[in-house]
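First the structure, in the form of structure tokens, and then the observations on it.
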Amino acid sequence: MAKIMVVEDEQALALLLKYNLEKDGHEVLIVEKGNRVVAEVERWCPQLILLDWMLPELSGVEILKIIRTKPDIKNIPVIMLTAKGQEEDKIKGLNAGADDYVTKPFSVPELMARVKTNLRRAPEVMTIREICFEDIRMDLVAKKVFRGENYVHLGPTEFRLLKLLMETPGKVFSREYLLKTVWGDNIYVESRTVDVHIRRLRKALNAFGADYIRTVRANGYAIDCQPILE
Ligand code: CA
């Protein structure tokens, strides 16, 4: 019995899948919008993802590529669901990191069989329990941050921002990218909001040590130990 995420914007199909998966004893979460998927995967930690190719906002292949770059979720098996039957699309999907590929329309028993196979074949999903950078330690299970021995109190947005920065130290993330991945589809958020939350994050972290968050003028933010050049 597993946690299975169904990413599908056709509601009738999503509900049909949910019904059948639940009948097999699985726990199911439906996500309809492409740009919510990565955040929901990180939050809910499914053991398998059924991912539709054609989605509003962000396509299944784009989502898959992002998932495969993120250390804590990259090993989750993904079955792509698609109306595209072309061989080249299948290859594109598999190249992007899909574990399996099912063409619509499919029979429900066949898909359930694939689910079973992929769950069994799935390697023990390697869950990363913590990420560290210098003296900053993020406990991803307890969702707590420490600097040395000190507990750093962060809000949920600051936590997600810090996690993203710490996953790839030295990499500069643009405000647009941060908005898209940390805030998702909240269209009311302006890029200035990123600066506000970075300021909060800095304040909380720097109470216990040096400032490792680097502001890159007109570009964005990174975490590293380089001297600050502006
Ligand atoms: Ca679709």
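The values are calculated or read from the model by the stated rules, or taken from the named source; none is laboratory data. In this text the structure is predicted, and so the values were computed from the model without any measurement. Here the Cβ is made from the backbone with ideal geometry for all residues, glycine too, and neighbour counts use every protein chain on show.
Kindly provide the set of residues from the stretch 16-29 that are within 17 Å of MET80 (Cα to Cα) and either in contact with a Leu (Cβ under 8 Å, 6 or more places away or on another chain) or in a helix (DSSP H, G or I) (or both), ordered by number. Steps first, please.
Taking the stretch 16-29 as the starting set, the residues that turn out to be within 17 Å of MET80 (Cα to Cα) are 16-18, 21, 28-29.
Listed by number, the residues that qualify are LEU16, LEU17, LYS18, LEU21, VAL28.
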> Would the stretch 2-21 turn up any residue that is within 15 Å of the ligand (Cβ to nearest atom), under 16 Å from LEU111 (Cα atoms), crowded, with 17+ Cβ neighbours inside 10 Å and at pLDDT below 90?
Replying inline: no
> Here is a list of conditions, (1) under 16 Å from the mean Cα position of the chain (by Cα); (2) within 30 Å of GLY25 (Cα to Cα), and ALA142 meets all of them except one; can you say which number that is?
Replying inline: (1)
> Got a number for residues in the stretch 36-77 being away from the ligand (no atom under 13 Å from the Cβ), in a helix (DSSP H, G or I) and within 20 Å of LEU15 (Cα to Cα)?
Replying inline: 4
>> List the residue pairs whose Cβ atoms are under 8 Å apart, where the first residue sits in the stretch 197-208 and is part of a loop (DSSP other than H, G, I, E, B), the second is crowded, with 20+ Cβ neighbours inside 10 Å, and the two are 6 or more positions apart or on different chains.
In response: ALA207/VAL152; PHE208/VAL152
>> I need every pair where a residue in the stretch 138-150 that is closer than 19 Å to CYS45 by Cα has its Cβ under 8 Å from the Cβ of a residue that is part of a strand (DSSP E or B) and among the aliphatic types (A, V, I, L, M), sequence separation at least 6 or different chains.
In response: MET138/ILE131; MET138/VAL145; ASP139/VAL145; LEU140/ILE131; LYS144/MET138
> If a residue has to be modelled with pLDDT of 90 or more and at positive phi to count, how many in the stretch 22-69 make the cut?
Replying inline: 1
> When ALA83 is evaluated against the numbered criteria (1) within 16 Å of the ligand (Cβ to nearest atom); (2) modelled with pLDDT of 90 or more, which criterion, by number, is the only one it fails?
Replying inline: (2)
